[in-house]
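The block underneath contains the structure these notes are about, expressed in structure tokens.
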Amino acid sequence: MYLILRNTSVFFLVTTLFGSSILLPTELIYKLMLALAFGVMIYAIPFTLRFFKIPLNNASELLLGAIFCFIYFLVVGLILEIITFTGNTPDIFKLIGIVTVTEQTLNLVYLTIVSSVVAIGIDMLYKAR
């Protein structure tokens, strides 16, 4: 249960970092459902790797995490249209000083990369201590 809640907080962290480039639903219950679904999805990565008998290491977790995140945000954002991807530059890129020409698809890719790296990175740090 702790891992699901930790990954739920990762969802809120990443969506806060992206700020104006994505729009979440205004109701809190929908935000919580999206975050819990993300947390359960990230929690399922090691079990999926074991099921397919793939070695459980950092690279395989990061690769499957990126695939899962891309599918999650594709389904939630572009198919179900619960999350709206805008054409704005993500707030974290503005903070760092990176100016990019963005569109919805690039925001989806950026969100996938950042969320999978943060979620799996926190898991790697937790295992290393």
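Once the Cα atoms are used to define both axes, helix 28-43 deviates from the longest principal axis of the chain by about 40 degrees. Where [x] 46, 24, 18; [y] 40, 33, 26; [z] 40, 39, 25 are the candidate values, the label of the one calculated here for Cα extents along the principal axes in Å is [y]. Each helix, a run of at least 4 DSSP H residues, gives -39500 (n - 2.57); summed and divided by the residues of the chain, these come to -22000 deg cm²/dmol at 222 nm. Farthest toward the dipole's positive end in the chain, which of Tyr43, Ile71, Thr8, given Cβ charges of +1 (Lys, Arg) and -1 (Asp, Glu) about the Cα centre? Going by the Cα projections, it comes out as Tyr43. Shown is the FRET efficiency for Asn88 and Arg129, computed with R0 = 35 Å from the Cβ-Cβ distance and rounded to the nearest 0.05: 0.40.
For Ile83, the residues whose amide H sits under 5 Å from its own are Gly77, ignoring neighbours fewer than 5 places away on the same chain, with H placed 1.01 Å from N. Between Tyr30, Tyr110, Tyr72, the residue with the greatest mean-square fluctuation in the GNM of the chain (Cα pairs under 10 Å linked by springs) is Tyr30. Surface composition of the chain: carbon plus sulfur atoms contribute 73% of the solvent-accessible area (1.4 Å probe, protein chains only, all chains present). Could you tell me how many degrees, from 0 to 90 and to the nearest 10, lie between the Cα long axis of helix 58-73 and the main elongation axis, the longest principal axis, of the Cα atoms of the chain? Approximately 40 degrees, to the nearest 10.
The angle between the Cα long axis of helix 104-128 and the longest principal axis of the Cα atoms of the chain comes to about 40 degrees, rounded to the nearest 10.
The values are calculated or read from the model by the stated rules, or taken from the named source; none is laboratory data. On a predicted model such as this, the values are computed, not experimentally measured, just so you know. Methodologically, a virtual Cβ is constructed for each residue, glycine included, from the backbone with ideal geometry; neighbour enumeration extends over all protein chains shown. Areas reflect the complete protein model, heavy atoms only, side chains present, ligands, DNA and RNA absent. Shrake-Rupley method; radii C 1.70, N 1.55, O 1.52, S 1.80 Å.
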